[in-house]
Amino acid sequence: MIGSQATKGMHVLARFAPEITTAGVWQGGSALTAFEAYPSACKPSPLVRNLLQDYRIGPAKSAVDEWDMAGYKFGIDHEDKRDALLCALVAWLFHCEPDALCFPDADTPAGEGWIFAPRDGLKNLTS
C-alpha cells in the first residue's frame, strides 16, 4: 500500500508543486510548499510533545498517556487524526522554527526525498 500512496504523492507533486527548491522540498509558486513528514519520527521529540499540549484536554500523566486518544480535544478522536496533527506541527516548525528540524546536507542531490523530523527527537538515535 505504501508504494501506491507514494506513487500518488509523486503525481500530485509533479502536477501542483513541480519546482524542487532543495532536497525534499517542492514548490508550486509562492502558494504551495510540500515536503514529507512522518508521525512516528515526531513521537520521541520533547518539542512536539510540548506543542501537542495545546490539543489535549489536560496534561498527560505519563509518556504512555500522551498518545492515548482519549486525551485529545478538537475532534482528534482517532490515531489518523492525531498523526495528521503531528504532520501539521512539523509544517508549522518548517515555517516558524526551521532550525528545530533536521534538513538534508547541502550536498544531497535536489531530486532526493527527505523526511523532515524534529532534531531533538533524533538525537538519541545517533551515537
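The values are calculated or read from the model by the stated rules, or taken from the named source; none is laboratory data. Being a predicted model, the structure only gives us computed values, none of them experimental. Every residue, glycine as well, gets a Cβ built from its backbone with ideal geometry; the counts of neighbours run over all protein chains shown. Areas reflect the complete protein model, heavy atoms only, side chains present, ligands, DNA and RNA absent. Shrake-Rupley method; radii C 1.70, N 1.55, O 1.52, S 1.80 Å.
In table form, for the structure just shown:
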item	result
Close pairs from region 48-77: first closer than 21 Å to Y38 by Cα, partner polar (S, T, N, Q) and surrounded by 11 or more Cβ atoms within 10 Å (Cβ to Cβ), Cβ under 6 Å, at least 6 apart	none
Some residue of region 105-126 being farther than 30 Å from H11 by Cβ, among the aromatic types (F, W, Y) and surrounded by 12 or more Cβ atoms within 10 Å (Cβ to Cβ)	no
Top-ranked residue in region 30-61 [being polar (S, T, N, Q) and surrounded by fewer than 18 Cβ atoms within 10 Å (Cβ to Cβ); ranked as modelled with the lowest pLDDT]	S30
Conditions (1) under 18 Å from the mean Cα position of the chain (by Cα); (2) of a type in the set (G, A, S); (3) modelled with pLDDT under 90; number of the one not met by A117	(3)
Per-region count, region 93-102, residues surrounded by 12 or more Cβ atoms within 10 Å (Cβ to Cβ) and within 14 Å of A34 (Cα to Cα)	2
Candidates V90, V64 - the one that is surrounded by 13 or more Cβ atoms within 10 Å (Cβ to Cβ) and either touching a helix residue (DSSP H, G or I) at 6+ places or on another chain (Cβ under 8 Å) or not acidic (D, E) (or both)	V90
Unmet requirement for T21, which otherwise passes all of (1) open to solvent by 80 Å² or more (accessible area, probe 1.4 Å); (2) out of contact with any Lys or Arg (no Cβ under 9 Å at 6 or more places or on another chain)	(1)
